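Written out below as structure tokens is the structure these notes cover.
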Amino acid sequence: LELQLKRLEDHEPRGPLSNNFLEVRCICNFIWLAVSSSLFNSSNASKQTFFYLRDPAINMPSSSSALTVLVVGATGATGKHVVVQLLQKHHAVRTIVRSSDRLLSSLGDILGAKDMDNYASQLQVTEAAILDLSDEELQKQVDGCDAIVQTLGHNMTFKGMYGAPRKLVSESIRRLTKAAEAAKLADGKKMKVILMGSDGVSHPDKSTDDKRPLSERVVLSLIRALVPPHRDNEAAAKYIYADVGTDKSFEWTVVRPTDLIDAENISKYVAYDKPVGGLFGDNTVSRINVAQFMVDLLTSADLWKTWVYKMPVVHNAEEVAVPN
């Protein structure tokens, strides 16, 4: 509890109201620690949270053949890492971006100018807003791809949150999945579709995730009412779970990162089948680790089989108590 209090004090502004909120959060976190401790040590496996721990120091078996992957949201803070890691693994990457200059600049900052030249033949850039493309133009982007990764998000500015397009994430995944359904892969293989959401978005089935504390449910209700991007992310997850389902010619997973931070290097990460810990500031995950998880999903058949049609929640491994 003392460690939790210290972490919260480091992140919370102090003031007459924040002191009370801090106490509430400490109590919630203390309750979670007690509950999770008994959960992980329980002999009843059905009550345990399923998790997957990934150590980047250990090479993961991956697909021997090169993939072609369409990345939508490639200029974003997470999307650019997805592109870089795919290129470094010698896969072909297609991107749809509003600014090719911004994309190449961000990739160059990570890879360096020399490596960018080496990867030029693997990268295809289409400069456009995805919702402005016609169905035929979007279908051309999807045809021939083995996978689609959507990491789109709203800019956290007033215009980005309250201006058009209000349904950027949900409308984009709707159009991409329709194009994926129309695309035909060789040898009867199914295209893989990954949607990036957040752990603030509950699983639409209402039973996979544990019920959140009252305080978190109240805050999420306020966010849902006041912040359109959150409603958009919820709508996207609901669409792919309820409307797409599991009987299409492609497969999907929704990756739900916890609180995102920046980091220069890939580190250990852990994926859970549902949110673990408190919603506000308890856990973090680096964007580069989220990208690594998504690339691992695309390149490892066993890992994809584990998480297909699910909504895993990703944390940095150092931030969570992993059961033995």
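In the range 158-170, is there at least one residue being open to solvent by less than 70 Å² (accessible area, probe 1.4 Å), under 29 Å from Asp247 (Cβ atoms), out of contact with any Phe, Trp or Tyr (no Cβ under 9 Å at 6 or more places or on another chain) and in a helix (DSSP H, G or I)? Yes, the conditions are met somewhere in the range 158-170.
Selection of first residues in the range 124-146 that are part of a strand (DSSP E or B) and of second residues that are open to solvent by less than 50 Å² (accessible area, probe 1.4 Å), restricted to Cβ pairs under 6 Å at least 6 apart or on distinct chains, gives the following pairs, ordered by first then second residue: Gln124/Arg94; Val125/Thr95; Val125/Ser100; Thr126/Ile96; Glu127/Ser100. Of all residues in the range 198-222, those satisfying the criterion of being among the aliphatic types (A, V, I, L, M) and either over 21 Å from the mean Cα position of the chain (by Cα) or part of a loop (DSSP other than H, G, I, E, B) (or both) are Val201, Leu214, Val218, Val219, Leu222.
Being touching a residue at least 24 places away in the same chain (Cβ under 8 Å), more than 15 Å from Lys310 (Cβ to Cβ) and surrounded by 21 or more Cβ atoms within 10 Å (Cβ to Cβ) is true for just one of Ala183, Ala179. Which residue is that?
Only one candidate passes the filter, namely Ala179.
Go through the range 147-157 and report how many residues are buried (at least 20 other Cβ atoms within 10 Å of the Cβ) and either in a helix (DSSP H, G or I) or polar (S, T, N, Q) (or both). Total meeting the criteria: 2. With respect to the conditions (1) out of contact with any Lys or Arg (no Cβ under 7 Å at 6 or more places or on another chain); (2) modelled with pLDDT of 95 or more, Tyr239 lacks only one, and its number is (1). Meeting the requirement of 3 or more residues that are within 13 Å of the chain's Cα centre (by Cα), the helices (runs of 4 or more DSSP H) wholly within the range 223-324 are 228-238, 287-299.
For Ile194, work out the one condition from (1) open to solvent by 30 Å² or more (accessible area, probe 1.4 Å); (2) part of a strand (DSSP E or B) it doesn't fulfil. The one condition Ile194 does not meet is (1). Does the range 236-287 hold any residues that are within 21 Å of Lys192 (Cα to Cα), of a type in the set (Gly, Ala, Ser) and surrounded by 18 or more Cβ atoms within 10 Å (Cβ to Cβ), and which are they? Those that are within 21 Å of Lys192 (Cα to Cα), of a type in the set (Gly, Ala, Ser) and surrounded by 18 or more Cβ atoms within 10 Å (Cβ to Cβ): Ala236, Ala237, Ala271.
Screening the range 110-136 for residues that are open to solvent by 90 Å² or more (accessible area, probe 1.4 Å) and of a type in the set (S, T, N, Q) and picking the one that is modelled with the highest pLDDT gives Ser121.
So that you can scan it fast, the table gives a plain yes or no per residue for (1) aromatic (Phe, Trp, Tyr); (2) open to solvent by 30 Å² or more (accessible area, probe 1.4 Å); (3) modelled with pLDDT under 95:
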| site | (1), (2), (3) |
| --- | --- |
| Ala45 | no, yes, yes |
| Gln48 | no, yes, yes |
| Met60 | no, yes, yes |
| Ser64 | no, yes, yes |
| Gly73 | no, no, no |
| Ala92 | no, yes, no |
| Ile96 | no, no, no |
| Gly108 | no, no, yes |
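The values are calculated or read from the model by the stated rules, or taken from the named source; none is laboratory data. These figures come from a predicted structure and were not determined experimentally. A quick note on method: Cβ atoms are made from the backbone with ideal geometry, for glycine too, and the neighbour counts reach across all protein chains shown. To get the accessible areas, we keep the full protein, side chains included, count just its heavy atoms, and leave off ligands, DNA and RNA. Shrake-Rupley method; radii C 1.70, N 1.55, O 1.52, S 1.80 Å.
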